[in-house]
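Accompanying notes for the structure given below.
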Amino acid sequence: MDIKVRLAVMNFLEFAVWGAYLTCMGNYLGVAGLGDKISWFYAIQGIVSIFMPTLMGIVADKYIQPQRLLGLCHLLAGGFMLSCWWMGMQAGFGNELQDKSTFILLYTLSVAFFMPTIALSNTSAFCILKKNGMDTVRDFPPIRVLGTVGFIVTMWFVNCAYFDDCFGFTLTDNAHKFQYTYMQFFVSGLLSLVLCAYCFSLPECKIEKREQKVSLMETLGLNAFKLFKRKQMAMFFIFSALLGMCLQVTNGYAGPFITSFKGIPEFADTFAANNATLLTSISQISEALCILMIPFFLKRFGIKVVMLMSMFAWVFRFGFFGVGDPAMPGVIFFVLSCIVYGVAFDFFNVSGGIFVDQECEPSIKASAQGLFMMMTNGLGATVGTLAAGEIVNKYCQWEGGFLEGDWQTCWFIFAGFALVVGVAFMLVFNPEKK
């Protein structure tokens with residue numbers, strides 16, 4: 001099999017594992033009696049992202065080949081995720097979990113070993129491509145796009161699949177759809193085990209022995225913090241954390257929000273209310289397309305304008321949810337919210353990574369990228385998700401299996417926050433023209 005095809009399969013499975021539960025987990029947590037803890041389940045991803053990828057990166061650099069460590073991490077992540085499925089199945093369909101603390105612990109362990117695999121899959125792909133004389137800049141992006149495709153495919157699968165005495169697919173109302181039950185964890189865990197086995201069939205990525213000694217600060221990537229001495233970079237990282245507060249809000253609450261309309265008679269039978277996961281997959285489709293637009297926009301408008309586009313796109317992302325509903329014409333706003341997500345997510349993350357690369361000396365480029373990810377997906381996403389959880393829990397309550405309440409106020413608060421961050425960034429951040 002062609003090496004690029006094999007790496008594309010690896011990326012497909014890598015993100016398929018995540019797509020099985022990331023956007024629909026909130027629906028099951030409400031049924032399981034953990035509805036008030038949804039924000040914590042998403043915040044856990046940010047907390048472990050602060051230290052686990054760095055630790056696994058050190059292991060991959062010094063002790064275990066990255067493709068093998070990728071497989072081992074998926075073995076553990078998949079095992080713990082299947083344990084979550086088993087606990088849900090033991091509790092029974094539609095019932096609360098009896099031992100919620102153990103369920104949270106198992107989920108935390110699964111996520112702790114999954115989050116480093118995103119970086120490990122990239123490291124493995126780069127190593128194998130270079131080993132086979134290929135250009136990573138030209139050959140990796142098409143491989144990485146298959147990851148987004150994998151994420152979308154499993155979103156569609158759990159949206160339509162159900163198990164009620166027999167297995168089947170439906171787009172109509174069915175409480176046994178995987179997007180509402182513990183079966184989403186089964187899909188994720190099973191795919192992790194499949195990827196674990198697949199990783200051990202990949203070509204070797206031999207560990208390079210380094211004779212030059214490096215300090216503990218360099219080993220842990222902490223030397224990148226000296227960038228905060230530069231006002232421009234300090235402002236950039238601060239705004240990265242502020243914008244990062246928006247990243248997991250819709251992943252955590254878009255599904256429960258759209259599904260909550262099933263509790264309103266006039267919207268109960270609408271396609272959108274019964275297929276929230278399928279609808280929100282438009283966000284990932286938009287994300288894949290927007291990646292291809294970034295080079296043009298960067299060249300045409302520059303780094304600051306592209307970042308501003310992202311910040312104001314978050315305003316529309318939240319605002320469109322606030323004014324929409326699952327019926328026509330309100331569902332158009334839901335679709336628009338999903339379309340602008342590609343700009344909101346990619347334009348900052350990708351262009352921000354390019355900006356960091358341009359502004360840093362070669363010796364700390366990798367550490368600086370790690371710092372950027374820590375500020376956005378670690379610190380920012382954790383604080384933002386917990387804050388969003390407090391807001392949603394104040395205005396909404398679980399009733400009859402649905403998270404109902406004043407959702408419009410919640411979305412407008414999120415949109416107002418993104419607007420303030422965007423305006424402040426526009427006024428105070430002025431990168432040097434190159």
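Quick check on segment 270-289. Is at least one of its residues open to solvent by less than 30 Å² (accessible area, probe 1.4 Å) and assigned to a loop (DSSP other than H, G, I, E, B)?
At the first step, the residues of segment 270-289 found to be open to solvent by less than 30 Å² (accessible area, probe 1.4 Å) are 270, 272-277, 279-281, 283-284, 286-288.
Those left that are additionally assigned to a loop (DSSP other than H, G, I, E, B): 270, 275.
Yes, there is a match, as at least one residue in segment 270-289 is open to solvent by less than 30 Å² (accessible area, probe 1.4 Å) and assigned to a loop (DSSP other than H, G, I, E, B).
Identify all residues within segment 312-349 that are in contact with a Phe, Trp or Tyr (Cβ under 6 Å, 6 or more places away or on another chain), of a type outside the set (S, T, N, Q) and part of a helix (DSSP H, G or I); write none if there are none.
317, 318, 320, 321, 322, 323, 333, 336, 340, 344 - these are the residues of segment 312-349 that are in contact with a Phe, Trp or Tyr (Cβ under 6 Å, 6 or more places away or on another chain), of a type outside the set (S, T, N, Q) and part of a helix (DSSP H, G or I).
All but one of (1) closer than 30 Å to residue 138 by Cα; (2) in a loop (DSSP other than H, G, I, E, B); (3) open to solvent by 30 Å² or more (accessible area, probe 1.4 Å); (4) not acidic (Asp, Glu) hold for residue 95; state the number of the condition that does not hold.
(1)
Being in contact with an Asp or Glu (Cβ under 8 Å, 6 or more places away or on another chain) and over 21 Å from residue 81 (Cα atoms): is that true of residue 207 here?
Yes; evaluated as a whole, the condition is true for this residue.
Given (1) in contact with an Asp or Glu (Cβ under 7 Å, 6 or more places away or on another chain); (2) at pLDDT 90 or above, where does residue 148 come up short, assuming only one miss?
It is condition (2) that residue 148 fails.
I'd like to check something: does segment 82-91 contain any residue that is surrounded by fewer than 16 Cβ atoms within 10 Å (Cβ to Cβ), in contact (Cβ under 8 Å) with a residue 12 or more places away in the chain and in a loop (DSSP other than H, G, I, E, B)?
No, segment 82-91 contains no residue that is surrounded by fewer than 16 Cβ atoms within 10 Å (Cβ to Cβ), in contact (Cβ under 8 Å) with a residue 12 or more places away in the chain and in a loop (DSSP other than H, G, I, E, B).
Given the criteria assigned to a helix (DSSP H, G or I), within 14 Å of residue 253 (Cβ to Cβ) and either at pLDDT below 75 or open to solvent by 40 Å² or more (accessible area, probe 1.4 Å) (or both), does residue 413 qualify? Reasoning before the result, please.
Details: assigned to a helix (DSSP H, G or I): yes; within 14 Å of residue 253 (Cβ to Cβ): yes; either at pLDDT below 75 or open to solvent by 40 Å² or more (accessible area, probe 1.4 Å) (or both): yes.
Judged against the criteria, residue 413 is a match.
In segment 25-50, how many residues are of a type in the set (Gly, Ala, Ser) and open to solvent by 10 Å² or more (accessible area, probe 1.4 Å)?
As a first pass, look at segment 25-50 and keep what is of a type in the set (Gly, Ala, Ser): 26, 30, 32-33, 35, 39, 43, 46, 49.
Restricting the remaining residues to those that are open to solvent by 10 Å² or more (accessible area, probe 1.4 Å) gives 30, 33, 49.
Adding up the residues that qualify gives 3.
For segment 405-421, which positions are over 14 Å from residue 245 (Cβ atoms) and out of contact with any strand residue (DSSP E or B) (no Cβ under 6 Å at 6 or more places or on another chain)?
If the condition is that a residue be over 14 Å from residue 245 (Cβ atoms) and out of contact with any strand residue (DSSP E or B) (no Cβ under 6 Å at 6 or more places or on another chain), then 406, 407, 408, 409, 410, 411, 412 are the ones that fit.
Residues in segment 142-188 that are β-branched (Val, Ile, Thr) and open to solvent by 40 Å² or more (accessible area, probe 1.4 Å): how many?
As a first pass, look at segment 142-188 and keep what is β-branched (Val, Ile, Thr): 143, 145, 148-149, 152-154, 158, 170, 172, 181, 187.
Add one more test, that the residue is open to solvent by 40 Å² or more (accessible area, probe 1.4 Å), and what stays is 145, 149, 153, 172.
Final tally of qualifying residues: 4.
With 146, 171 as the choices, which residue is within 23 Å of residue 262 (Cα to Cα) and touching a residue at least 60 places away in the same chain (Cβ under 8 Å)?
Every option except 171 fails the conditions.
Among the listed residues 69, 109, 129, 105, identify the single one that is within 23 Å of the chain's Cα centre (by Cα) and under 18 Å from residue 10 (Cα atoms). Full working, then the answer.
Details: 109 fails: under 18 Å from residue 10 (Cα atoms); 129 fails: within 23 Å of the chain's Cα centre (by Cα); 105 fails: under 18 Å from residue 10 (Cα atoms).
Unique residue meeting the criteria: 69.
Taking residue 123 as the residue in question, decide whether it is out of contact with any strand residue (DSSP E or B) (no Cβ under 9 Å at 6 or more places or on another chain), open to solvent by 60 Å² or more (accessible area, probe 1.4 Å), assigned to a helix (DSSP H, G or I) and hydroxyl-bearing (Ser, Thr, Tyr). Spell out the reasoning first.
On the way: out of contact with any strand residue (DSSP E or B) (no Cβ under 9 Å at 6 or more places or on another chain): yes; open to solvent by 60 Å² or more (accessible area, probe 1.4 Å): yes; assigned to a helix (DSSP H, G or I): yes; hydroxyl-bearing (Ser, Thr, Tyr): yes.
It is true that residue 123 is out of contact with any strand residue (DSSP E or B) (no Cβ under 9 Å at 6 or more places or on another chain), open to solvent by 60 Å² or more (accessible area, probe 1.4 Å), assigned to a helix (DSSP H, G or I) and hydroxyl-bearing (Ser, Thr, Tyr).
Give segment 189-199 a look and list any residue that's under 28 Å from residue 260 (Cβ atoms) and surrounded by fewer than 22 Cβ atoms within 10 Å (Cβ to Cβ), or say none.
The first filter runs over segment 189-199 and keeps only residues under 28 Å from residue 260 (Cβ atoms), leaving 189.
Of everything in segment 189-199, nothing turns out to be under 28 Å from residue 260 (Cβ atoms) and surrounded by fewer than 22 Cβ atoms within 10 Å (Cβ to Cβ).
Looking only at residues that are open to solvent by 30 Å² or more (accessible area, probe 1.4 Å) and out of contact with any Ser or Thr (no Cβ under 8 Å at 6 or more places or on another chain) in segment 57-68, which one is modelled with the lowest pLDDT? Can you show your working first?
Looking only at segment 57-68, we keep the residues that are open to solvent by 30 Å² or more (accessible area, probe 1.4 Å), and these are 58-59, 61-64, 68.
Cutting the leftovers down to out of contact with any Ser or Thr (no Cβ under 8 Å at 6 or more places or on another chain) gives us 59, 61-64, 68.
Details: 59: 79, 61: 72, 62: 77, 63: 82, 64: 86, 68: 93.
Of everything passing the filter in segment 57-68, 61 is modelled with the lowest pLDDT.
For segment 3-19, indicate whether the set of residues that are open to solvent by less than 10 Å² (accessible area, probe 1.4 Å), modelled with pLDDT of 90 or more and either among the polar types (S, T, N, Q) or not in a helix (DSSP H, G or I) (or both) is non-empty. It would help to see each step written out before you state the result.
Taking segment 3-19 as the starting set, the residues that turn out to be open to solvent by less than 10 Å² (accessible area, probe 1.4 Å) are 7, 10-11, 14, 16-17, 19.
Going one step further and asking which of them are modelled with pLDDT of 90 or more, we end up with 7, 10-11, 14, 16-17, 19.
In the following step, the residues that additionally are either among the polar types (S, T, N, Q) or not in a helix (DSSP H, G or I) (or both) were identified as 11.
Checked against the condition, which is being open to solvent by less than 10 Å² (accessible area, probe 1.4 Å), modelled with pLDDT of 90 or more and either among the polar types (S, T, N, Q) or not in a helix (DSSP H, G or I) (or both), segment 3-19 yields at least one hit.
How about segment 82-109: which of its residues are among the aromatic types (Phe, Trp, Tyr) and at pLDDT below 95?
Correct list: 93 only.
Of all the residues that make up segment 98-108, how many are surrounded by fewer than 18 Cβ atoms within 10 Å (Cβ to Cβ) and without any contact (Cβ under 8 Å) to a residue 60 or more places away in the chain?
Going through segment 98-108 one residue at a time, the tally reaches 5.
Taking segment 326-337 on its own, how many of its residues are surrounded by 22 or more Cβ atoms within 10 Å (Cβ to Cβ) and either of a type in the set (A, V, I, L, M) or modelled with pLDDT under 95 (or both)? Walk me through it before giving the result.
Taking segment 326-337 as the starting set, the residues that turn out to be surrounded by 22 or more Cβ atoms within 10 Å (Cβ to Cβ) are 326, 334, 337.
Now drop any that are not either of a type in the set (A, V, I, L, M) or modelled with pLDDT under 95 (or both), which leaves 326.
Qualifying residue count for the region: 1.
Any idea how many residues of segment 20-36 are hydrophobic (A, V, I, L, M, F, W, C) and either at pLDDT 95 or above or assigned to a loop (DSSP other than H, G, I, E, B) (or both)? Write out each step before concluding.
Filtering segment 20-36 down to residues hydrophobic (A, V, I, L, M, F, W, C) leaves 20, 22, 24-25, 29, 31-32, 34.
From what is left, the residues that are either at pLDDT 95 or above or assigned to a loop (DSSP other than H, G, I, E, B) (or both) are 20, 22, 24, 32, 34.
Matching residues across segment 20-36 total 5.
Between 370, 352, which is part of a helix (DSSP H, G or I), touching a Phe, Trp or Tyr at 6+ places or on another chain (Cβ under 7 Å), among the small types (Gly, Ala, Ser) and at pLDDT below 95? So that I can check it myself, show each step before the final result.
Numbers: 370 fails: touching a Phe, Trp or Tyr at 6+ places or on another chain (Cβ under 7 Å).
Every option except 352 fails the conditions.
The values are calculated or read from the model by the stated rules, or taken from the named source; none is laboratory data. Everything numeric in this text was worked out from a predicted model, so none of it was measured. Methodologically, a virtual Cβ is constructed for each residue, glycine included, from the backbone with ideal geometry; neighbour enumeration extends over all protein chains shown. Each accessible area value is taken on the protein alone, full model and side chains, heavy atoms only, with ligands, DNA and RNA left out. Shrake-Rupley method; radii C 1.70, N 1.55, O 1.52, S 1.80 Å.
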